[in-house]
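J.: First, the structure itself, so that you have it in front of you.
Read-outs: derived from the displayed coordinates by stated rules, not from any lab. Because the structure is a prediction, the values reported are computed rather than measured. Cβ sites come from the backbone with ideal geometry, for glycine too, and all protein chains shown count toward neighbours.
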């Protein structure tokens, strides 16, 4: 067997990835492949959650789809988040009675029928007229955990009413901490039991793919979004009635662990920190009394650190050592992905783009179907692995493939 010239194998693997990846919005259809599957016309036609991406692309204006599709810089982290799952191999077990599979999970005082949660995503009415309300109704129908973004296009009160019970509330800050504190109090008054503080956008992010899509959009984006922070949040009801002062964005470059302490003082909600990716920060979080961690690189939209979320998970789990729940998001597209995260030690996983694809394409029913597919796939792989409950999924169920 002859060896390939240096670099040839890497280039071949990259080409194979580009031809198969749903992340770069290229797809076989865009490359003229007549064998490409047709775009689904209903949720029932979907074979997996990736089928919803092209359906969403067809229905959304370029700028809005670009907001969903973008990573940061050259989208390295979008690729890494998917490639990271290849590091882990599932180790099936045989001769176990798997007639009854139980996917229920308990998180911070409540039991959910599935460990697959809906991550906070902003401005959902940009993807469907019903926006966060459709997502809430889908979460209600499936009993799933929903997290609501600070820059939601529907108020926390209305989303809670549509969900039928309180949701978790995600918090962004601004340079003026009084704004964040006021929003946190409002979320608590609406009954939210958990506050999810996002900490991975302090320095902002360079979203080139989003900008490229926006340049293809014939509409004038400024008509909706304006040019200032006040313009941007004008249609974001969680900022209604607040004095925005000199705030220029949702980032807070000066945020430190002291801000976590201050949040503890202004709200009795349980506090989860989202965006932790290292052992050191996980230890600091536990030491400062947070109630949970979400391992996240913001779906590849924060920075180009080069490590996938699933590769960051083991060191965070080890640092936490079972003291608080650890959730994870970033690139989850299959039930096998979910299973691997649970085996490594995650309590639950969060999805973002998949349910937004479903929302954009088919509204509430699209979101429901995405949740159904992933939970069904998870249930199947649990059976294949001989684990009938989530507590039976252990580190022994996955092997760490050696790096080449």
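J.: How many angstrom lie between the C-alpha centres of region 187-222 and region 329-365?
T.: If we compute the Cα centre of each part, the gap is 19 Å.
J.: So what are the three principal axis dimensions of region 275-332 from its Cα atoms, in whole Å, longest to shortest?
T.: Principal-axis extents of the Cα atoms in region 275-332, largest first: 28, 18, 16 Å.
J.: Still on this model: How high is the relative contact order of the chain, in percent, with contacts defined as C-alpha pairs under 8 Å that are six or more residues apart?
T.: Contact order relative to length: 26 percent.
J.: Just to be sure I understand: of the beta bridges DSSP finds with both ends in region 90-400, what percent are antiparallel, rounded to 5?
T.: 15 percent
J.: What is the gain in length, in nm to one decimal, between residue 48 and residue 189 on full extension, counting 0.36 nm per residue of separation less the C-alpha to C-alpha distance?
T.: 46.9 nm
J.: For 88, 257, 357, what ranking results if the residue with the fewest other Cβ atoms within 10 Å of its Cβ goes first?
T.: Fewest-to-most Cβ neighbours within 10 Å comes out as 257, 88, 357.
J.: So if R0 is 30 Å, what FRET efficiency would residue 266 and residue 76 give, r being the distance between their Cβ atoms, rounded to the nearest 0.05?
T.: After rounding to 0.05, the efficiency reads 0.20.
J.: Starting with the highest mean, order 384-394, 72-82 by the number of other Cβ atoms within 10 Å, averaged over the residues of each peptide.
T.: 72-82, 384-394
J.: Relative to the present Cα-Cα distance, how much length would full extension add between residue 288 and residue 140 at 0.36 nm per residue of separation?
T.: 50.0 nm
J.: So, one more: If you scale each eigenvalue of the Cα gyration tensor by 5 and take the root, what three semi-axes come out for region 341-386, rounded to whole angstrom and sorted largest first?
T.: Three semi-axes, in Å: 24, 13, 6.
J.: If you don't mind, there's one more thing I want to ask. Let me have the 222 nm mean residue ellipticity of the chain computed from DSSP H runs of 4+ only, each contributing -39500 (n - 2.57), with the sum over all residues rounded to the nearest 500.
T.: Rounded to the nearest 500, it is -12000 deg cm²/dmol.
J.: Quick check: Cα centre of region 366-382 to Cα centre of region 77-156, how many Å?
T.: The distance from the Cα centre of region 366-382 to that of region 77-156 comes to 10 Å.
J.: With the contact rule set at Cα under 8 Å and sequence spacing of 6 or more, what percent relative contact order holds for region 238-369?
T.: So the answer I get is 17 percent.
J.: Under the 0.36 nm per residue contour assumption, what length would be gained going from the current alpha-carbon distance of residue 216 and residue 391 to full extension?
T.: Separation in residues times 0.36 nm, less the Cα-Cα distance, equals 58.2 nm.
J.: For residue 37 and residue 59, what does the FRET efficiency come to when R0 = 25 Å and r is the distance between their Cβ atoms, rounded to the nearest 0.05?
T.: 0.90
J.: Related question: Classify region 41-173 as rounded, prolate or oblate, taking a ≥ b ≥ c as the square roots of the eigenvalues of its Cα gyration tensor: rounded when a/c is under 1.5, otherwise prolate if a/b is larger than b/c and oblate if not.
T.: Judged from the Cα gyration tensor, region 41-173 comes out oblate (a/c at least 1.5, b/c at or above a/b).
J.: Still on this structure, I have one more. Normalised by the residues of region 287-354, what does the relative contact order come to in percent, with Cα pairs under 8 Å and at least six apart?
T.: Relative CO of region 287-354 lands at 35 percent.
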